[in-house]
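Structure record follows, encoded as structure tokens.
The values are calculated or read from the model by the stated rules, or taken from the named source; none is laboratory data. What you are looking at is a predicted structure, and each value in this text was computed from that prediction instead of being measured. Cβ coordinates were reconstructed from backbone atoms using ideal geometry, including for glycine residues, and neighbour counts include every protein chain displayed. Note: areas computed on protein heavy atoms with side chains; ligands, DNA, RNA excluded. Shrake-Rupley method; radii C 1.70, N 1.55, O 1.52, S 1.80 Å.
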Amino acid sequence: MVETIIDDNVIERVSEIARLKLSEKEKEKFREEFERILEEFSVVDEIKVGEKELYYVIENVNVLRKDSEPKPFNKINDIKNNFNKKEDGFIVVPRNL
Amino acid sequence: MFTKDLIEDLSSNSLEEHIHKKIEEIQKKDKEINSFITLNIEDAQNSSKEIQKKIDKGIQGKLSGLAISIKDNIAVSKLRMTCGSKVLENYIAPYDATIINSIKKEDGIIIGKCNMDEFACGSDGTSSYFGPTKNPRNIDYVPGGSSSGSAASLAAGFTDLSIGSDTGGSIRCPASFCGVYGFKPSYGLVSRYGLSDMAMSLEGPGPFAKDTYGIALLLDIISGKDPRDTVTVESSKSYTKTVENFKDQDIKNLKIAYAKEFFEGVDEKIKNIILDKISKLESEGAKIEEVSLPNIKYAIPIYYLVVFSEFSSAMSKFDGFKYGHYVGGQDIVEAVSNTRETSMGIEVKRRVLLGTFITMEEFRGRWYTKALKARSAIKEDFKRIFNSYDLLIGPTMPTLPWKIGERISDPLSMYSSDILTVSANLAGICASSQPVGEAKGLPVGLQLHADSLCESKLLKGMRAVELACGGI
């Protein structure tokens, strides 16, 4: 059984944290779906697990490289062209303060 | 060997004509199949002229002008890269992915960018913003996903080779459904630089081809250490040789395991075809034994819990502020929320929300952390098998392709189709799918697994199966 009951309050918070607006209809649809999905997924409780949390399957962590001379970067315009608004060679982004 | 013969033919016939024929086929038939999102016709034609000159002088690269289609989540400089989503509908990649650089250096001709499930979220190729891809073997059926267009463009004869990406079966599933060869390399063998991330600890690019040789050829080119992707390791780059030097009698040296868990709930027709191939390999001298992988039945929840978490994090960069689709709002929160609401498809939203939920402080231990601990159990299962065996054999998919639209409304039924492919990604090992028969006129794929960075063993196994199935 899923002890995590997803109430409207939780869906509201998830939608806010995920920055994803949901209609009332969507909230209800996802709430019902998520309970069903997580109910099915609660079989993970049956697995005998150790304490090791496996984030990565490889051993080579914290790979460092030698500092090298900076190279000229010639793709600036290709990058700028993807921005929605430009002005006097600057990129215009929506005001966020 | 089909791909090898094709390269030899190209050295005496016209490359320009070869590319021209591919373009003609695409223009004639892709309206129906919908395997491409963006074509690269002019550039491909120009490249064919340039490479023809090199062929005439005998200085061409290893790919010798073969046509290659690329999944639309891999950056090709100056070409649109949509990830199958409205979010990036007008995004032009400013640089080449590392693997694209390598392909261009070896004279591969990039013919176009392939349709795919939106941000690789899907198992049947129907969730793309640009419409579903159809299965060239029967257009009423799904081609498999998420690298739907890669497999379909190859199966339809629009390209000679293709590149996809595999997070939980996204190369092997469409390879199986469309009847082509697909290969998921070990985690770390192929650079992810220039691949739009979906679940960073599970995914990587990999090749599609019409035979084992084609897979090995692309693998030689795209594998190896890349300073821009710190998880990558050195590659032997001798995969083509491994395939070329494989002899019939080498089958006798292969120790192959099959697990009953990989046959549970599998369509009877698929099961019979795969078991028949296993007997064939055994009769030719391979040592075949039954083993058990007790944790495979938990692979779907473990996999999806990890995917949801990593995916919701990966998607947070798509806020419309820097690039891509943007809708305004009264304040920053509303602007971002509106933008994401109007540009993301239903499965993308579902995964973003679920990932956010299971990583929230109060639910994290219940779901995400538990999945990470359980992931170790899957890895241990495989480790135990590969201590005693070279390969693990079984079907790629539990069912035949289904009809387009059949599974769209039920996420759990869509997720369940990944049951045989996700474990390889959880463990970081390599795995392949190759066509070995047909049922109801639809292709059936056989899946092989080998231990992490044991690509040569896997290719030997693929070649053994290819020969056992009467391949040349």
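Structure notes:
- Ranking by accessible area, most exposed first, for B:HIS20, B:HIS449 with a 1.4 Å probe: B:HIS20, B:HIS449
- For the pair B:GLU42 and B:LYS29, label points projected 7 Å from Cα toward Cβ lie 2.7 nm apart.
- Using the Stokes-Einstein relation with a Kirkwood hydrodynamic radius computed over Cα pairs, the translational diffusion coefficient of the range B:62-184 at 25 °C and a viscosity of 0.890 mPa s comes to 176 µm²/s.
- Take every DSSP beta bridge whose two residues both sit in the range B:1-122; close to 45 percent of them are antiparallel.
- Reciprocal of mean inverse Cα separation for the range B:253-358 (Kirkwood radius, Å): 17.9
- The simple Förster model, with R0 at 45 Å and r as the Cβ-Cβ distance, assigns A:SER68 and A:ARG13 a FRET efficiency of 0.50.
- Among the chymotrypsin sites (Phe, Trp or Tyr not before Pro) in the range B:223-278, none is located in a DSSP loop while being surrounded by at most 13 other Cβ atoms within 10 Å of its own Cβ.
- Heavy-atom accessible area, probed at 1.4 angstrom with all protein chains present, ranks B:ILE419, B:ILE55 as B:ILE419, B:ILE55, highest first.
- In the context of the full set of protein chains, the protein assembly as shown has a per residue accessible area of 41 Å² (1.4 Å probe).
- Rg/Rh, computed from the Cα trace of the protein assembly as shown with Rh as the Kirkwood radius, has the value 0.96.
- Of every Cα-Cα pair in the range B:405-464, the percent that sits beyond 15 Å: 62
- Euclidean distance between Cα centres, the range A:23-97 to the range B:257-327, Å: 23
- At least 10 Å² accessible surface lost relative to isolated chain, residues of the range B:358-374 (1.4 Å probe): B:MET360, B:GLU362, B:PHE363, B:ARG364, B:ARG366, B:TRP367, B:TYR368, B:THR369, B:LYS370, B:LEU372, B:LYS373, B:ALA374
- For B:GLU17 and B:LEU412, a Förster radius of 51 Å and the Cβ-Cβ distance give a FRET efficiency of 0.55, rounded to the nearest 0.05.
- The protein assembly as shown - mean residue ellipticity at 222 nm from DSSP helices (-39,500 (n - 2.57) per run, n ≥ 4, rounded to 500): -12500 deg cm²/dmol
- Take the accessible area of chain B alone and of chain A alone, subtract that of the pair, and you get about 5500 Å² summed over both chains, using a 1.4 Å probe.
- Solvent-accessible area, 1.4 Å probe, carbon plus sulfur percent, for the protein assembly as shown: 49
- Qualifying GluC sites (Glu not before Pro) in the range B:384-472, DSSP loop, other Cβ atoms within 10 Å at most 15: B:GLU406
- Rg/Rg_globular for chain B, with Rg_globular taken as 2.2 N^0.38 Å and Rg from C-alpha atoms: 0.93
- Computed from Cα positions, the angle between helix A:8-17 and the longest principal axis of chain A comes to roughly 20 degrees.
- Nearest-0.05 FRET efficiency for B:ASN387 and B:GLU89, computed from C-beta distance (R0 45 Å): 0.40
- In percent, rounded to a whole number, the relative contact order of chain A is 20, using alpha-carbon pairs under 8 Å and six or more apart.
- In sequence order, calculated HN-Hα J values of the range B:138-150 (Karplus, 6.51, -1.76, 1.60; Hz; x Gly/Pro): 6, 5, 7, 10, 6, x, x, x, 8, 7, 4, x, 4
- Whole-percent pair-distance distribution, where bins are 5 Å wide, for the alpha carbons of chain A: 2, 8, 10, 9, 8, 10, 12, 13, 11, 10, 6, 1, 0
- Contact order normalised by residue count of the range B:2-244, Cα under 8 Å, 6+ apart, percent: 18
- Cα-Cα separations in the range B:353-399 greater than 11 Å, expressed as whole percent: 74
- q = 0.10 Å⁻¹, the range B:2-244: log10 I(q)/I(0) [Debye, one scatterer per Cα]: -0.40
- GluC sites (Glu not before Pro) within the range A:1-95: DSSP coil, no more than 16 neighbouring Cβ in 10 Å: A:GLU3, A:GLU51, A:GLU53, A:GLU59
- To the nearest 10, the accessible area of B:ASP140 is 90 Å² with a 1.4 Å probe.
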